[in-house]
1. Can you name the condition, by its number, that E364 falls short on among (1) farther than 21 Å from A160 by Cβ; (2) of a type outside the set (G, A, S); (3) open to solvent by 30 Å² or more (accessible area, probe 1.4 Å)?
2. Any residue in segment 42-69 that's more than 12 Å from Y12 (Cα to Cα): show its pairings with residues that are of a type in the set (D, E) at Cβ separation under 8 Å, as long as the two are six or more apart or on different chains.
3. Select from segment 263-290 the residues that are within 11 Å of the ligand (Cβ to nearest atom) and open to solvent by 10 Å² or more (accessible area, probe 1.4 Å) and list them in ascending order.
4. Among R136, R167, R143, R162, which is the only one that is touching a strand residue (DSSP E or B) at 6+ places or on another chain (Cβ under 9 Å), more than 16 Å from the ligand (Cβ to nearest atom), basic (K, R) and under 30 Å from R377 (Cα atoms)?
5. May I ask you to list pairs of residues, at least six apart or on different chains, whose Cβ atoms are under 6 Å apart, with the first in segment 106-123 being within 19 Å of M389 (Cα to Cα) and the second being of a type in the set (V, I, T) and within 16 Å of the ligand (Cβ to nearest atom)?
6. So, in segment 193-233, exactly how many residues are surrounded by 24 or more Cβ atoms within 10 Å (Cβ to Cβ), within 13 Å of the ligand (Cβ to nearest atom) and within 19 Å of the chain's Cα centre (by Cα)?
7. Being in the same structural domain as L116 (by TED's automatic domain parsing), closer than 23 Å to L22 by Cα and crowded, with 22+ Cβ neighbours inside 10 Å narrows it down to one of E464, E415, E399, so name that one.
8. For the condition over 20 Å from G236 (Cβ atoms), within 16 Å of the ligand (Cβ to nearest atom), open to solvent by 10 Å² or more (accessible area, probe 1.4 Å) and of a type outside the set (A, V, I, L, M), what is the one hit in G337, G328?
Amino acid sequence: MGDVSSETTYKYERIADDIDHLIECGALQPGDRIPSVRRMSRAREVSISTVLQAYYLLEARGLIRARPRSGFYVRSDLPSNLPEPEISTPDPDPTQVSMRELVSMVVLKDATNPALIQLGAAHPNPALAATEKLNRTLTVVARRMGDESGLYDYAPGCEALRMQIARQSLTAGCSLSPEDIVITSGCSESVSFCLRAVCDRGDTVAIESPICFDTLQTLEALGLRALEIPTHPRDGISLEALRFAMQHNPVSACLVISNFNNPLGSCIPDPKKRALVSLLATQEIPLIENDIFGELYFGDARPSVAKAYDRQGLVMLCSSFSKTLAPGYRVGWVVPGQFLSTVRWLKYTSSLAAPTLSEHAIAEFMSSGSYAPYLRRTRRAYERRVTSMSRAVRRAFPEETKLTRPSGGFLLWVELPEAVDSLVLYERAQAAGIAITPGYLFSATDQYPNFIRLNAANWSDEAEAAIDRLGQIIRQLG
Ligand SMILES: Cc1ncc(COP(=O)(O)O)c(C=O)c1O
């Protein structure tokens with residue numbers, strides 16, 4: 001799989017992918033009949049031959065089989081789906097975070113090592129990213145701006161970009177104005193500013209568990225305590241558990257990755273987002289919402305953000321272009337609600353300004369109309385990759401394995417048999433030339449020793465062979 005332009009979306013492929021997805025998520029089971037060619041043709045308003053092309057493609061993928069005079073059926077010899085991990089049950093007490101050594105040992109060493117097959121770091125696929133086009137846009141913008149392109153762009157940052165972000169927020173259920181937004185040097189900086197705006201050293205922050213180590217590291221750096229809340233792999237943070245935690249602890253802020261959590265892939269359903277915002281508002285607790293994966297949904301519509309239900313300015317929405325466009329451009333943003341002036345001041349006093357040329361290039365890319373079709377292709381590409389990797393895991397890993405079924409993003413969270421220690425697996429995998437991320441990195445209290453996170457973004461024949469190899473190592477360890 002190469003450039004995103006080769007990830008075509010012909011009608012027949014779209015139909016095949018949709019059925020493929022239903023099979024993958026278990027909505028269509030082995031032996032089930034799939035809609036007749038005629039019915040599908042009417043439902044999708046396409047020709048009979050387009051539907052047949054889709055069904056032949058599914059046959060070629062080994063997923064369905066034609067029965068003479070009866071129609072098409074999901075193959076009954078397909079290996080059944082792996083179950084999903086249960087809702088997490090982390091330590092109920094706030095904890096001092098101490099991840100620094102582990103993160104330095106695992107992440108910083110591996111993430112950019114070209115000798116390893118990268119199934120670990122949550123980087124987007126550079127071949128899928130629009131980097132070439134973005135770079136060309138940057139050159140044009142630099143020429144047009146002349147000397148101005150080298151000047152500071154003080155907080156709140158490039159107005160043209162803030163206008164584009166405000167427009168884009170409509171699809172997430174928000175109605176923002178450019179004045180609500182501060183441009184940052186990435187989502188991690190946005191999150192850090194929000195925490196600094198509403199917490200003091202030693203305070204407790206309620207977080208989803210598991211959660212990516214970037215968040216845990218930021219808590220550690222700011223001397224904040226993590227209160228890990230049970231989180232479901234489908235619909236995110238448990239509101240009952242959060243309510244209980246709020247009753248028994250002084251919580252200064254709550255932090256969630258609302259859409260396609262890293263590593264769980266969970267997506268808080270829209271009504272639950274509204275309930276989350278209301279619950280926190282009862283005690284005036286700010287919600288720091290990380291929506292960095294929100295645009296990478298597989299379904300027909302973008303999930304909303306919790307910010308859309310915020311009536312008191314307590315939700316602080318953070319995101320960036322790191323998963324969608326180019327992490328190296330270092331452009332993110334924050335919508336800090338009632339903490340706007342504090343966050344603006346924090347941006348100014350931390351790094352004065354945002355990266356001028358990167359901001360203007362992205363603004364131009366978005367206003368040129370290139371962003372929407374690019375995102376459409378990229379979503380399809382990641383959905384296919386997640387499906388392919390899930391299937392490979394199912395084939396290669398022991399049958400006690402549990403696996404998430406994300407509806408967006410490009411990450412999989414895998415629960416291995418209890419006997420498998422993910423740090424030992426990490427070391428063995430590395431010796432075999434494969435990078436994975438061990439579960440220890442996703443909790444401040446070592447909740448996930450037998451879990452790993454896999455990144456499907458770089459799916460390839462080589463990655464498939466790496467999954468087979470990982471499966472062998474896991475069997476040896478288990
Ligand atoms: C959930 C989440 N937040 C933040 C980041 C970092 O984002 P940025 O590169 O925009 O700082 C990552 C990167 O992996 C992430 O997965």
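1. Failing condition for E364: (1).
2. So the pair list comes out as R61/D20; L63/D20; R65/E59; A66/E59.
3. Of everything in segment 263-290, just one residue is within 11 Å of the ligand (Cβ to nearest atom) and open to solvent by 10 Å² or more (accessible area, probe 1.4 Å), namely N290.
4. R162
5. L119/I436; G120/I436; G120/T437
6. Counting residues in segment 193-233 that are surrounded by 24 or more Cβ atoms within 10 Å (Cβ to Cβ), within 13 Å of the ligand (Cβ to nearest atom) and within 19 Å of the chain's Cα centre (by Cα) gives 7.
7. Of the residues listed, the single one that is in the same structural domain as L116 (by TED's automatic domain parsing), closer than 23 Å to L22 by Cα and crowded, with 22+ Cβ neighbours inside 10 Å is E415.
8. Only one candidate qualifies: G328.
The values are calculated or read from the model by the stated rules, or taken from the named source; none is laboratory data. Worth saying up front: this structure is predicted, and the values here are computed from it rather than measured. When we count neighbours, we look across all protein chains shown, and the Cβ atoms used for this are built from the backbone with ideal geometry, even at glycine. In case anyone asks, the SASA skips ligands and DNA or RNA and just uses the protein heavy atoms, side chains included. Shrake-Rupley method; radii C 1.70, N 1.55, O 1.52, S 1.80 Å.
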